[in-house]
1. Show me the helices of the chain, taken as full DSSP H stretches, that run 15 Å or more along their long axis by Cα and average 0.0 or above in Kyte-Doolittle hydropathy.
2. Okay, helix-only estimate at 222 nm for the chain: each DSSP H run of n ≥ 4 adds -39500 (n - 2.57), divide by all residues, round to 500 deg cm²/dmol; what do you get?
3. Determine which lysines satisfy two conditions relative to residue 69: a Cα distance under 20 Å, and not lying fewer than 8 residues away in the same chain.
4. Hey, what D do you get for the stretch 78-117 in µm²/s if you plug the Kirkwood alpha-carbon radius into Stokes-Einstein at 10 °C and 1.306 mPa s?
5. Mind checking the full-extension length gain between residue 122 and residue 31? Use 0.36 nm per residue of separation minus the Cα-Cα distance, one decimal, nm.
6. For the pair residue 141 and residue 93, how long in nm is the line joining their label points, each one 7 Å along Cα→Cβ?
7. How large are Rg and Dmax for the stretch 18-91 when only the alpha carbon atoms are used, in Å?
8. How big is Rg to Rh over the stretch 80-147, alpha-carbon atoms, Rh as the Kirkwood inverse-mean-distance radius?
Amino acid sequence: MLIAKAYTFSSKEPQNFLERFDLGHTKIFKRSDGIIEVLCADSVVYDIPHIIENHNCMQKLANGGKVIKLTLAGKDTSITVELRDYLAFGYHHTFIAAECFLIDSLAQRIIANFYFKVHKPKVPMQYFSFKDRALAEEWLNNYKSKV
């Protein structure tokens with residue numbers, strides 16, 4: 001378990017959800033349309049223990065199947081090199097059919113571009129800016145048949 005502290009979130013919680021997990025650093029929702037929406041706290045540098053907690057919640061929400069996931073990066077949120085390498089193994093392919101990230105900062109785009117070029121994702125993955133959220137959800141909906 002990670003040390004609890006007060007976190008802030010730039011993104012608003014979805015209105016229509018069936019289940020919710022609040023891990024402090026991350027809020028995870030199973031929306032009524034079946035999409036898993038993940039809100040990342042602002043100014044957090046995510047590391048392996050954070051993602052293991054997140055993945056444990058998503059596995060529960062997948063209930064033995066797979067989910068499609070929309071992650072909303074927090075303001076000034078980043079990941080460690082160790083986490084980037086851990087994610088490259090693709091352990092999450094057993095419960096995630098596709099994932100999409102909403103990002104806005106230059107630093108987040110640089111990390112995303114590097115990850116896509118160096119670590120060919122094992123799960124269909126895409127990123128969009130927050131202003132293109134509708135396109136991101138449309139992209140994810142193409143994978144609903146795999147859930």
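Here, each number is a calculation from the coordinates, and none is a lab measurement. Keep in mind it's a predicted model, so treat the numbers as computed, not measured. Positions of Cβ are generated from backbone atoms using ideal geometry, with glycine treated the same way; all protein chains shown enter the neighbour counts.
1. Membrane-span-like by this rule: 106-118.
2. So the calculated ellipticity at 222 nm is -9500 deg cm²/dmol.
3. The qualifying lysines are 12, 27, 30, 60, 120, 122, 131, 144, 146.
4. Result for D is 141 µm²/s.
5. Taking residue 122 through residue 31 to full extension adds about 30.3 nm, to one decimal.
6. Simple spin-label model gives 2.8 nm for this pair.
7. Computed over the Cα atoms of the stretch 18-91, radius of gyration and Dmax are 12.1, 34 Å.
8. 0.97
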